Structure formats: structure tokens, C-alpha cells
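Student: I have a structure I would like to understand better, so I am pasting it below and will then ask my questions one at a time.
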């Protein structure tokens, strides 16, 4: 389900939900529902621009017309694909973390079904992007992916997430992020194709390195030597 109970909000209500969600997510970054609410209440203009870009792309238009969902019933075959494929890499990523593609919170605060779908699509491709960029799901990996997501979609929530994430870093992690991962993530997000206009489900059986080259994706650099950021 893309939308649960759709909740119309006034501007003041949107602001209140945004502030409450931001505060709650800072206290507990595992609260996916709060992060989702923050993204919706602060990101409508950005999502509207993503929607327009999708309408201007052949593959984006196909996504909007067919509205595929990245759920178990649609991507379960990835677990049976050859090991060199994008789909197999995605299956390894999900399986090694015991993640399910069905665990995304519903969209609640978007005014139209079309915009709600774009928001849900952005949530559901998140794990594809982890796979393509080779990023782990620890605090540094998630923060780096938020930088890429900001470069791709200009969502204010991404900036807030990076600030909140780095606030919890220790000194070594902060240096590692800002000197090693942050510059790479900025360039990776800028140099990639428009990743919201990619119909990933049609490419799961293709070679992982081939799709990375085609979409202009540079995987994350290997971690530096252990004593470099002491």
C-alpha cells in the first residue's frame, strides 16, 4: 500500500509534524516512521521536481505509468540470478542483513496519488542504491548515501539526516566521513544519471559492473588504512 490513511495538513500542521519528527528521529534514528514523516513534510517541492523529471524521461514515464512496487513478490527472483548480476548483488545485500523489501512505511502526507507514488519509489530504491554504490548500512554508510540522495533529489531531510548522523560520530568517524566519504559522495551523486528515472526491475538480470558503468555510478572507495584518521 502506497498510502495508509492519507492525512491532509495545513502549513502549520506540516511544520509541527516536521519539527516533532526531526526531534524524535534525532533521539532515535531507528524510527523509520519519523524519518518518513520528516521527508514528506519538508520535501514536497523537491518531490514535485523529481516527478517532473520522471515525466520527461522515457524510463521515468514508464515507471509512473506502471507504478511497479519493489516488494518481495516483484523482486524475489533476484535470489535465483547468477552471482555477477545486479539482482544477485541486491539479494546478497538484503539477505546478509535480514532485510525485507516489504518493510517501508506508507506515505501519509502527500496530496496526490502520483506524488505519493514518487515518495514511495524514493524509499523503495534506497536499498538498490546501497547495492549499486557499495555502501554499508552503518552510520557512516547511511550518511554517505544521504549525501548522494541530496545530490539526486535535493531533499532537505537528507541534510538534516547527515547533520544528525555526524553529531553521533566520534572524532575518528567524523574525520573518516568528511575527508574520505563525503567528497566521494558529492561527486558520485552529481556524476550519476538521474537515478529516480531508472526502471531497476528491468535490469536485475544484467551484470552489476555493466549497469554501474551505464548509470555513471562510482562505488564507494575502500576504507583507508586503520591509522589514517586516528
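Student: With the crude spin-label approximation of a point 7 Å out along Cα→Cβ, what separation in nm comes out for residue 170 versus residue 74?
Tutor: Between residue 170 and residue 74, the label points sit 4.1 nm apart.
Student: Let me ask another. Take segment 72-230, drop everything but the C-alpha atoms, weight them equally and run the Debye formula without solvent; then report log10 I(q)/I(0) at 0.08 Å⁻¹ to two decimals.
Tutor: -0.24
Student: Just report the Cα centroid separation between segment 145-172 and segment 192-223, whole Å.
Tutor: 21 Å
Student: From the square roots a ≥ b ≥ c of the eigenvalues of the alpha-carbon gyration tensor of segment 147-230, which class results: rounded (a/c under 1.5), prolate (a/b over b/c), or oblate?
Tutor: Values: a/c = 2.81, a/b = 1.57, b/c = 1.79.
The shape class here is oblate.
Student: Taking a ≥ b ≥ c as the square roots of the Cα gyration tensor eigenvalues, with a/c under 1.5 meaning rounded and otherwise prolate when a/b beats b/c, else oblate, which class fits segment 61-109?
Tutor: Oblate is the answer for segment 61-109, as a/c is 1.5 or above yet b/c matches or exceeds a/b.
Student: Quick check on segment 43-87: what does the Kirkwood estimate of hydrodynamic radius come out to from the alpha carbon pairs, in Å?
Tutor: 12.6 Å is the Kirkwood radius here.
Student: Now, a different point. What nm distance separates the two modelled labels at residue 207 and residue 163, each placed 7 Å from Cα along Cα→Cβ?
Tutor: For the pair residue 207/residue 163, the computed spacing is 4.4 nm.
Student: Once you have a ≥ b ≥ c as the square roots of the Cα gyration tensor eigenvalues for segment 91-156, tell me rounded if a/c is under 1.5, and otherwise prolate or oblate according to whether a/b is larger than b/c.
Tutor: Cα axes put segment 91-156 in the oblate bin.
Student: Over segment 45-151, with a single point scatterer placed on each C-alpha, what log10 of the ratio I(q)/I(0) does the Debye formula yield at q = 0.11, 0.20, 0.23 1/Å?
Tutor: Log10 of I(q)/I(0), two decimals: -0.38, -1.22, -1.39.
Student: Go through 71-84, 159-172, 185-198 and give me the packing order, highest mean Cβ count within 10 Å leading. Working shown, then result.
Tutor: Numbers: 71-84: 13.2, 159-172: 15.1, 185-198: 18.6.
Result, highest mean Cβ count within 10 Å first: 185-198, 159-172, 71-84.
Student: Over all directions, the average projected area of the alpha-carbon convex hull for segment 136-179 comes to how many nm²?
Tutor: So the Cα hull casts an average projection of 2.9 nm².
Since every read-out is calculated from the coordinates, none of them should be taken as a lab result. These figures come from a predicted structure and were not determined experimentally. Don't worry about glycine lacking a Cβ; one is built from the backbone with ideal geometry, like all the others, and counts go over all protein chains shown.
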